[in-house]
Amino acid sequence: GFSPASSVRSPIGCHGLAPSLFSSAMAAVMAARDIEVAAPEQLQEPPTLSDKSSEADGESQQLDVEAEAQLPPQRLILVVMVCMIQGYTLIGPLQHSFKVQMKIGDTGDVAHVFTQAAALVQWGKFAMTLGQNVLLACLCPMQRVFLAMVGMMLGCLIPPFFVYALGSTCLGWVFISFCLIGLSLGIFECTILNVITPLGPLTKSYAIMGFPAAFAIINVISMSIVSCGVPVQALFWYIVVCLPIGMALFATRFVPQLVAGGGKGHASAMAQINKQAVVWKSLKHCSVWLPQLVPFMLANIVGHFVIEGALPANFNTFNDRQAPLLRRDNGPLMTTSQFFLVLFVFVGLGDILSDRVGYCFRLDTYTSNLIALAAGIACSVFGMLLTRIGVG
């Protein structure tokens, strides 16, 4: 599976749509193409006397996939995803609160070090997305999901416990916290969709919606509560408490279904098909699958570039006590916290709606997925252009 993107977009929510299109399109394609991409060496086998048997097995697998597509959605997966992805929101407004509690300003050498520490979230995601198949080869995908949840809980525990409760201002906590969050995200994002594949694409769609939902809960609802006088450390503790709840829910409601084959005979077969291939064997046959994945890789790069550019552009520009709602030179003013609440409302609406819209289309061919990716890139470019106009 591919990593769905994070949730910081332009003020009008236009490139809240783009990464959601990427997520929906990529999830649909990978669900349809898991067998070819996961085990390309199967494509290289020479003909044998068991060809007819293999063809029969292939037809049976195709029937399993079609039956899987009819499975009802397991909506509770949304809660599991929200509990986990809320930890990712520490790179948003909570990052600034963390920074203020550490008594670090917006400029200077220490501020630069803090920024580099925060960047470990992205470096950690990158490292574990690529490296988990080597570093965690001894763990099955299900075990990696639980490892990621534990790592996320430890990373999110550091700010409220060591910084807010104990009053420590050691920069080392920033590095450890963001590093754990990034590594955990790198493991979780590209593993969870693969693990829940036997539960059907509709369940996947609810899982993907967990990303914008988590950001909306923290950046809109929770920050609104904080603006009413609730201490921000309560929000950090809320995120920490949610993680074991999400872990317990996944262990009790989903693991038994997945171990038993989702309660359906065809899902058990799908669980066997959807196993991970050995990395080195896949690389030996990269000429089979790499050219087909290049467009998805390029689209993901564009989407992440826009997202990670919009975050610092907005927060570093609108960092005074007040911010303009519509135009920088002439327009109604509001507090900066209110401005970002409006911003994230549009982000959440664009993201959640587009996650559902993506599953309303039949993205069952390579060409249809390329069209969806092109639409996503167009939204990203347009949204970044509007962000550039907005920040001046």
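Restricting attention to segment 171-181, the residues that are open to solvent by 10 Å² or more (accessible area, probe 1.4 Å) and in contact with a helix residue (DSSP H, G or I) (Cβ under 8 Å, 6 or more places away or on another chain) total 6. Among the candidates PRO256, PRO231, PRO244, PRO332, the residue that is farther than 30 Å from LEU76 by Cβ, open to solvent by less than 80 Å² (accessible area, probe 1.4 Å) and at pLDDT 85 or above is uniquely PRO231.
Taken together, the residues in segment 98-113 that are part of a helix (DSSP H, G or I) and under 13 Å from VAL163 (Cβ atoms) amount to 4. Exactly one residue out of GLN95, GLN86, GLN116 is in a helix (DSSP H, G or I), closer than 28 Å to PHE344 by Cβ, open to solvent by 50 Å² or more (accessible area, probe 1.4 Å) and not β-branched (Val, Ile, Thr): that is GLN116. Being out of contact with any helix residue (DSSP H, G or I) (no Cβ under 7 Å at 6 or more places or on another chain) and at pLDDT below 75 is a property that GLY265 has. For segment 335-386, which positions are acidic (Asp, Glu) and crowded, with 17+ Cβ neighbours inside 10 Å? ASP351, ASP355 - these are the residues of segment 335-386 that are acidic (Asp, Glu) and crowded, with 17+ Cβ neighbours inside 10 Å.
Of note, LEU139 satisfies the criterion of being outside any helix (DSSP H, G or I), surrounded by fewer than 18 Cβ atoms within 10 Å (Cβ to Cβ) and touching a Leu at 6+ places or on another chain (Cβ under 9 Å). Does segment 363-379 contain at least one residue that is closer than 24 Å to GLN122 by Cα, among the β-branched types (Val, Ile, Thr) and at pLDDT 75 or above? Looking for residues that are closer than 24 Å to GLN122 by Cα, among the β-branched types (Val, Ile, Thr) and at pLDDT 75 or above, one finds at least one in segment 363-379, hence yes.
Consider segment 310-329 and keep the residues that are under 27 Å from HIS112 (Cβ atoms) and part of a loop (DSSP other than H, G, I, E, B). The one that is modelled with the lowest pLDDT is ARG328. Residues of segment 119-136 that are surrounded by 18 or more Cβ atoms within 10 Å (Cβ to Cβ) and over 30 Å from ILE104 (Cβ atoms): GLN132 alone. With respect to the conditions (1) of a type outside the set (D, E, K, R); (2) in contact with a Cys (Cβ under 8 Å, 6 or more places away or on another chain); (3) buried (at least 21 other Cβ atoms within 10 Å of the Cβ), SER184 falls short on a single one, namely (2).
Just to be sure, is PRO141 of a type outside the set (Asp, Glu) and within 22 Å of PHE340 (Cβ to Cβ)? Against the criterion (of a type outside the set (Asp, Glu) and within 22 Å of PHE340 (Cβ to Cβ)), PRO141 does not qualify.
The values are calculated or read from the model by the stated rules, or taken from the named source; none is laboratory data. Model, not experiment: these values are computed from the prediction. Positions of Cβ are generated from backbone atoms using ideal geometry, with glycine treated the same way; all protein chains shown enter the neighbour counts. When the accessible area is computed, the model is the full protein with side chains, heavy atoms only, and any ligands, DNA or RNA have been set aside. Shrake-Rupley method; radii C 1.70, N 1.55, O 1.52, S 1.80 Å.
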